[in-house]
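Student: Below you'll find the structure I mean.
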Amino acid sequence: MPPRATGFPTADAQDDFLRARRREALRRLSRRFERSTRDVDVILPFDDVVAALGRVEEHHAGVQTIPLDSIVGTVDRAGGGFDRAFRPTTSRVRTRWERIAGAMRRGEPLPPISVYRVGDVHFVRDGHHRVSVARALGRDDIQASVTEVVTRVGAERSLRLSDLPQKSHERLFRERVPLPREARARVRLTDPWRYGDLAEGVEAWAFRAMQDRGDFMDRETAARTWYEHEFLPVVEMIDQAQLRRPGATDADAFLEVGCDRYRLMFTHDWSEEILAHLRDERRR
């Protein structure tokens, strides 16, 4: 609900800032009592996120209306004086903040903010105070000049600073195994730390395939061939044999059964008894 107006924009702007600062303080207090991870409210740094996700290209996407709650990061290394929800974290931003709040309350036109878009989230280049004031006044969206940054790995609104090391593992997998766009969605692991294991498996498969063919394959060809001739058929057989663990993705199931297959090569045959045992393990 937007804050009430008294008819005195300057006084209302001052109250708006104090209210926003109280909310930020209450949020920090709540997190302390909850013993929650500290980075939940940390504003995301653009350079660190793009480095982890892997920049491919960028292009200007024009002026658009974007949701305010999709703005979770900044180009400013110091954070600009705001938390992830753009609540002010310091009184140093007060003078400019109140001036913009007064202008918004009077209905004065303000220029679009400038943002980078990465996946589903936005990073402020210019306009931190306008974002903060708009959120404090209960608005849902804002006009922005958008530059789209394409990365090897996407960014969701749930992305946290602590997720970046894991995202780096996924990015390295995408670089080592450059799958076609339509295949990427199916080759996703719930445990990002295992992307290295999967990449090694794909590269080993490609090496054997090149030996059998007597021909060289570049990474793109090897990735596409592995996906079509190994990944999809194995996933289909896993489902037919009812070996998928509840909640497992296609890639989870492929990697788990691949490890089982390697282990069983030295211990058991792929008998119906062994398959039944593996099915029981997956269901537990």
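Student: If you go through the stretch 136-167 one residue at a time, how many are touching a Leu at 6+ places or on another chain (Cβ under 8 Å) and within 19 Å of R194 (Cβ to Cβ)?
Tutor: So the count comes out to 4.
Student: I would also like to ask the following. If I go through the stretch 128-143 residue by residue, how many of them are in contact with a helix residue (DSSP H, G or I) (Cβ under 9 Å, 6 or more places away or on another chain) and either surrounded by fewer than 17 Cβ atoms within 10 Å (Cβ to Cβ) or farther than 16 Å from A101 by Cα (or both)?
Tutor: 3
Student: Same structure again: Confirm whether T221 is not hydrophobic (A, V, I, L, M, F, W, C) and not in a loop (DSSP other than H, G, I, E, B).
Tutor: For T221, the condition - not hydrophobic (A, V, I, L, M, F, W, C) and not in a loop (DSSP other than H, G, I, E, B) - is met.
Student: Related question: Considering (1) at pLDDT 75 or above; (2) part of a loop (DSSP other than H, G, I, E, B); (3) of a type in the set (D, E, K, R), say which one D47 fails and leave the rest.
Tutor: Going through the list (1) at pLDDT 75 or above; (2) part of a loop (DSSP other than H, G, I, E, B); (3) of a type in the set (D, E, K, R), D47 breaks only (2).
Student: Moving on. Considering only the stretch 97-105, I want to know if a residue exists there that is surrounded by fewer than 18 Cβ atoms within 10 Å (Cβ to Cβ), among the small types (G, A, S) and either assigned by TED's automatic domain parsing to the domain that holds E236 or at positive phi (or both).
Tutor: No.
Student: Sticking with this one: Starting from residues that are assigned to a helix (DSSP H, G or I) and of a type outside the set (S, T, Y), keep the ones in the stretch 66-75 and report whichever is nearest to V42 (Cα to Cα).
Tutor: Across the stretch 66-75, the extreme among qualifying residues is D69.
Student: Something else: Within the set of pairs 6+ apart or on separate chains, which have a first residue in the stretch 149-173 that is closer than 18 Å to D83 by Cβ, a second that is aliphatic (A, V, I, L, M) and surrounded by fewer than 20 Cβ atoms within 10 Å (Cβ to Cβ), and C-beta atoms under 7 Å apart?
Tutor: These pairs meet every condition: R160/V40; L161/V42.
Student: From the list V131, V63, which residue is under 21 Å from V42 (Cβ atoms) and not in a loop (DSSP other than H, G, I, E, B)?
Tutor: V131
Student: Taking E200 and the conditions (1) over 19 Å from D48 (Cβ atoms); (2) among the acidic types (D, E); (3) in contact with a Gly (Cβ under 9 Å, 6 or more places away or on another chain), which numbered condition does it fall short on, given that it satisfies the others?
Tutor: For E200, the exception is condition (3).
Student: Answer yes or no as to whether R94 is in a helix (DSSP H, G or I), touching a strand residue (DSSP E or B) at 6+ places or on another chain (Cβ under 8 Å) and surrounded by 14 or more Cβ atoms within 10 Å (Cβ to Cβ).
Tutor: Here the answer is yes, as R94 does meet what is asked.
The values are calculated or read from the model by the stated rules, or taken from the named source; none is laboratory data. No experiment lies behind these values; they were computed from the predicted model shown. Glycine gets a Cβ as well: all are built from the backbone with ideal geometry, and neighbour counts include every protein chain shown.
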